[in-house]
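Rule-based calculations on the coordinates, nothing more; no lab input. Because the structure is a prediction, the values reported are computed rather than measured. Heads up, the Cβs are rebuilt from the backbone with ideal geometry, glycines too, and the neighbour counts pull from every protein chain shown.
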Amino acid sequence: MTSVRRTRATSSFLYTIKGEVGDDADLTRAELGSDAVIQGSGIALEQCSLNQSKIKRASGIQVRLSQLQMVDAANADMERSGWRECEVRESRLTGVKLNSAHIARSVFVECKMNLLQCQMAMLQDVRFEQCDLRGAYFNRSKMAGTVFEGSDLGGADFSSATITGCDFRRAKIDDIRVAPEQMAGVIVTADQALYLARLFGLDIQE
């Protein structure tokens, strides 16, 4: 059940949602503001707008064609969730659990995502722009076409992840955990290539 108050919206959205969005909620073209709290399972959001809303627990949530702005989902459990064609901006996602998630054609902009848990996940054409991803875990994930534009990946763990075609240019990659055999097809700058070579223990001499 969804414990919410619905009011007819005057914008392009059908409803404005206030209160708790709970188990099995299915919302389309809904506007959620700072009074909305998502906490439940089996939740689906399509063409929704979340602005300063809170996500506390939403395992398996499915989000499509939606925009999230300044959302607080720190440490939220969103494992096995699905994200398709979404835009997430200036949101607090520290420690959020996205293990076994499927994220496609979505962008995260200026989000605080340090200590993100995104293990055994599927990422397809995902962009992280100016995000804090320090200490993030991407272990055993498949990350085709993922771009880390201007993001901080210091200490991020890519152990056993498939990162062919990922673009690390203009990202900070200090102390990332990655093996040499994973780097085939990865896009980096010359400076990053030199750093990685030294990280892998190569003795570079001129």
Notebook entry, point to check: Counting other C-beta atoms within 10 Å, which of Y15, Y137, Y195 has the fewest, and how do the rest follow?
Noted result: Y195, Y15, Y137
Next item on the list: Nearest 5 is fine: what % of DSSP beta bridges in the chain come out antiparallel, could you say?
Entry: 10 percent
Item checked: Likely footprinting exposure, F200, F138, fewest C-beta neighbours within 10 Å first -> F200, F138
Next item on the list: For the stretch 4-199, build the charge dipole from Cβ charges (+1 Lys, Arg; -1 Asp, Glu) around the Cα centre, then report which of G42, A144, A73 sits farthest towards its positive end.
Entry: G42
Notebook entry, point to check: So for I163, I38, fewest C-beta neighbours within 10 Å to most, what's the order?
Noted result: I163, I38
Note to self: If I fit a long axis through the Cα atoms of helix 190-199 and take the longest principal axis of the Cα atoms of the chain, what angle between them do I get, 0 to 90°, rounded to 10?
What the structure shows: 80 degrees
Check: Which distance in nm do the two modelled labels at L194 and D167 give, with both placed 7 Å along the Cα-to-Cβ direction?
Finding: 2.4 nm
Check: Dimensions of the stretch 4-199 along principal axes (Cα, Å, largest first)?
Finding: 58, 26, 21
Item checked: Residue-averaged [θ]222 nm for the chain, counting only DSSP H segments that reach four residues, each worth -39500 (n - 2.57) -> -1500 deg cm²/dmol
Next item on the list: Treating only the Cβ atoms of Lys and Arg (+1) and Asp and Glu (-1) as charged, compute the dipole magnitude of the chain about its Cα centre; round to the nearest 20 debye.
Entry: 620 debye
Check: Could you give the length gained on full extension between D24 and S100, defined as 0.36 nm per residue of separation minus the Cα-Cα distance, in nm?
Finding: 25.4 nm
